[in-house]
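The values are calculated or read from the model by the stated rules, or taken from the named source; none is laboratory data. A quick note: this is a predicted structure, and the numbers were derived from the prediction, not measured. FYI the Cβ positions are ideal-geometry reconstructions off the backbone, even for glycines, and counts take in every protein chain you see.
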């Protein structure tokens, strides 16, 4: 069985090192990316199963723009993203766009078990919706 590849994008090299070690100990293939300006290209090339993104990168607004570009690019829009940041003010300013897009948010400092559980949840394959009792299904005819 292949290990899921998680790419962590953050501006802090110490945080990146700790995250890579933690994720690898949990059985994931982990890689990191420190340069926010080139992160989109790195994600396209590396094709991770999941991205953990600090929304506050090395330039103001860069994390939000990166998230938007990931959702608009057909090559990356299916990759789940967990937003991870200590910048509560930035998260509050953009809170209206994160939940509606389905991005889970975890604030630093966070519980490691919570992050791992959230990562595993994001990596689960989408289950097809099952009809509920009483639902009416119509067959299409040509």
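Hey, could you check segment 30-51 for residues that are assigned to a helix (DSSP H, G or I) and within 16 Å of residue 83 (Cα to Cα) and say which is nearest to the chain's Cα centre (by Cα)? Reasoning before the result, please.
Filtering segment 30-51 down to residues assigned to a helix (DSSP H, G or I) leaves 36-46.
Filter once more, so that each one left must be within 16 Å of residue 83 (Cα to Cα): 36, 39-40, 43.
Working: 36: 15, 39: 13, 40: 13, 43: 11 Å.
Top of the filtered list is 43.
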In segment 63-73, what residues are in contact (Cβ under 8 Å) with a residue 24 or more places away in the chain and assigned to a helix (DSSP H, G or I)?
-> 63, 64, 66, 67, 69, 70, 71
Go over the candidates 78, 95 one by one and state the one that is over 22 Å from residue 3 (Cα atoms) and either surrounded by fewer than 14 Cβ atoms within 10 Å (Cβ to Cβ) or modelled with pLDDT under 85 (or both).
-> 95
With respect to residue 60, is the statement that it is in a loop (DSSP other than H, G, I, E, B) and within 21 Å of residue 114 (Cα to Cα) true?
-> no
Log entry, pairs with first residue in segment 99-124 being over 14 Å from residue 84 (Cβ atoms), second being at pLDDT 85 or above, beta carbons closer than 6 Å, six or more apart or on different chains, reads 123/4; 123/49; 123/50
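Would you confirm whether or not segment 8-18 contains a residue that is modelled with pLDDT of 90 or more, closer than 24 Å to residue 121 by Cβ and in a loop (DSSP other than H, G, I, E, B)?
The answer is yes; a qualifying residue exists.
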